[in-house]
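The structure appears right after this line, and notes come after that.
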Amino acid sequence: MTGFELAQINIGRFHKPATDTANADFMNALDAVNAIADASDGFVWRLVGEGNNATDIAVSADDPNLAVNMSVWRDVESLAAFAYRSTDHLTIMRRRREWFEHMEFYMALWWVPAGHRPTVEEGVAKVTLLSVNGSTPDAFSFRQPFAAPDGMPAHPILDECA
């Protein structure tokens, strides 16, 4: 048992507003994919807005097409198992370019004290930190994970997953 959990954020900028019919396949898949995450081994928490997802939570007042996904997991391996081995999640991930603009930095991982639930502002700051400094213990990627501050090992995830 560790005193830390793994937080993650993904940010995306829709090509068109989230409610546009061009995004229907993505929006219609959210409940099923989120249910798989919720039931996954190692899942702890995810950000939820008015619906069963976070698409209505504002990331930036200046950019209404930005969407956020944040969650907390027991460890890197648990998150990776869901993100890269769940068929339903992979199907949506492979189609992300249909709905979202390319962003050089759109995700970050970081360790939080067990029980802490990160804010959107905290997550966005971690993406910025990763973009400025590269992977560090404060904000990292699957490709170069860091151990939890209490020494829980981080296992590098294969390049195919990063």
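In this structure ILE57 has an accessible area near 40 Å², from a 1.4 Å probe over the protein heavy atoms.
Roughly what percent of Cα-Cα pairs across segment 14-88 reach past 18 Å? In whole percent, the share of Cα-Cα pairs in segment 14-88 beyond 18 Å is 44. Phi-derived couplings, Karplus 6.51 cos²θ - 1.76 cosθ + 1.60 at θ = phi - 60°, listed residue by residue for segment 132-144: 7, 9, x, 5, 9, x, 7, 6, 9, 10, 4, 5, 9 Hz, with x used for Gly and Pro.
Shown here: the chain, whose C-alpha atoms stretch 46, 32, 31 Å along the first, second and third principal axes, sorted largest to smallest. Extension gain for PHE105 to ASP38 (0.36 nm times residue separation, less C-alpha to C-alpha distance): 21.6 nm.
Between GLU98 and ALA22, the distance separating the two model label sites (each 7 Å from Cα on the Cα→Cβ line) works out to 1.3 nm. Rounded to the nearest 20, the size of the Cβ-charge dipole of the chain about its Cα centre is 220 debye, with Lys and Arg at +1 and Asp and Glu at -1. Projected label points at THR128 and ASP31, each 7 Å from Cα along the beta carbon direction, are separated by 3.6 nanometres. For the chain, the solvent-accessible area with a 1.4 angstrom probe is 54 square angstrom per residue.
Cα extents for segment 1-49 along the principal axes, largest to smallest and rounded to whole angstrom: 45, 20, 15. Any idea which of PRO64, ASN53, PHE100 is furthest toward the positive side of the dipole for segment 39-100, if Lys and Arg beta-carbons carry +1 and Asp and Glu beta-carbons -1? The residue sitting most towards the positive pole is PHE100. For ALA114, the residues whose modelled amide H falls within less than 5 Å of its own, excluding neighbours fewer than 5 places apart on the same chain, are PHE4, GLU5. Axis of helix 76-85 versus longest Cα principal axis of the chain: the two differ by about 40°, to the nearest ten degrees. Ignoring any ligand, DNA or RNA, what whole percent of the accessible area of segment 18-162 comes from carbon and sulfur when the probe is 1.4 angstrom? Taking all protein chains in place, segment 18-162 shows 53 percent carbon and sulfur surface.
Simple rule: put +1 on each Lys or Arg Cβ and -1 on each Asp or Glu Cβ in the chain, find the dipole, and look at ALA35, PHE82, PHE14; the Cα lying farthest toward the positive end is PHE82.
The values are calculated or read from the model by the stated rules, or taken from the named source; none is laboratory data. These numbers come from a predicted model, not from an experiment. Virtual Cβ from ideal backbone geometry, glycine too; neighbours counted across all protein chains shown. Heads up: the accessible areas ignore ligands, DNA and RNA and are worked out on the full protein's heavy atoms, side chains in. Shrake-Rupley method; radii C 1.70, N 1.55, O 1.52, S 1.80 Å.
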